[in-house]
1. Given R₀ = 35 Å, what would the calculated FRET efficiency be for residue 78 paired with residue 130, taking r from the Cβ atoms and rounding to 0.05?
2. Quick query: amide H of residue 92 versus all other amide H atoms, modeled in the peptide plane; which residues come in under 5 Å with a sequence gap of 5 or more or a different chain?
3. Tell me the chymotrypsin sites (Phe, Trp or Tyr not before Pro) within segment 40-126 that lie in a loop according to DSSP and have at most 12 other beta-carbon atoms within 10 Å.
4. Ignoring trypsin sites (Lys or Arg not before Pro) that are buried or in helix or strand per DSSP, and keeping those with at most 16 other beta carbon atoms within 10 Å, what is the longest stretch of the chain between them?
5. Just from its helices, what would the mean residue ellipticity at 222 nm be for the chain, if runs of 4 or more DSSP H residues each count -39500 (n - 2.57) and the sum is divided by every residue, rounded to the nearest 500 deg cm²/dmol?
6. Mind sorting out which of (i) 31, 18, 14; (ii) 37, 16, 15; (iii) 25, 21, 16 is the real semi-axes √(5λ) of the Cα gyration tensor in Å computed from the coordinates?
7. Once you have the Cα-Cα distance between residue 166 and residue 89, take 0.36 nm times their residue separation minus that, and quote the gain in nm to one decimal.
8. Please compute the length gained on full extension between residue 154 and residue 141, using 0.36 nm multiplied by the number of residues separating them and subtracting their Cα-Cα distance.
Amino acid sequence: MADATTPTDPMPRNFSEVDPLDFACRPAHLLGKQWALVTARMPDAQPLPAHGRINTMTAAWGGLCWMWERPVAMCMVRPERYTKAFIDAAECFSLCFLPKEYRKTLAYLGTTSGRDEDKIARSGLTLVDETGIAPWFAQSEVVMVCRKSYVQPMESACFTEREILEQHYSGGAGLHDIYYGRIERLLVRDA
């Protein structure tokens, strides 16, 4: 049996590739209410992390837009998150949106660190890695494979609504880095 962080599964047949310009969704709902798994692979040139080359985390903050004459997805990652090192080292990352029956799994993947255990294996989710660059999960309803285009650390001086800083970043929590990724591939589960 293959280790969960060494995927061997081919791309499931029940997905269709969609042009990002034709993808109809409610982005605030998709990210803010449905949440996403942000997943990246540590390149082979890097030392092997304790629990495998692939790591994921749950994200609820981000956006979808048209920028630099291309479709772009944004996600926010705090500097203390273990997954950040994977995203930083990788050229690509995926955003996976799962059905609501996976809410507990998303909560687990968002509160458990891959530093401490192989949380992907314990989650019961199936990795798909047909490109070897940006793994994603077969249980997803929507998958966005993104090529990292730009990373910007947030700065406290740039907040014009100071209450956001007090509400979300008090108590020593690090300010997020914003990752902008060109959506290279958008897959939607067939109905």
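Values quoted throughout were computed directly from the atomic coordinates according to the rules given, and no laboratory measurement underlies them. Values in this document were obtained by computation on a predicted structure and should not be read as measured data. Positions of Cβ are backbone-derived with ideal geometry, glycine not excepted, and every protein chain shown enters the neighbour counts.
1. Details: r = 30 Å, r/R0 = 0.85.
The calculated FRET efficiency here is 0.70.
2. 148
3. On the way: sites: 61, 66, 68, 82, 86, 93, 97, 102, 108; in loops: 61, 68, 82.
Here the chymotrypsin sites (Phe, Trp or Tyr not before Pro) that fit, given the DSSP loop and packing criteria, are 68.
4. Values: sites that count: 13, 33, 115.
So the longest stretch without any such site is 34-114.
5. On the way: 5 runs with 34 residues, N = 191.
Using -39500 (n - 2.57) per qualifying helix, the result is -4500 deg cm²/dmol.
6. Of the listed options (i) 31, 18, 14; (ii) 37, 16, 15; (iii) 25, 21, 16, (iii) comes from this structure.
7. Values: separation 77, 0.36 × 77 = 27.72 nm, distance 3.09 nm.
Value of the extension gain: 24.6 nm.
8. 1.7 nm
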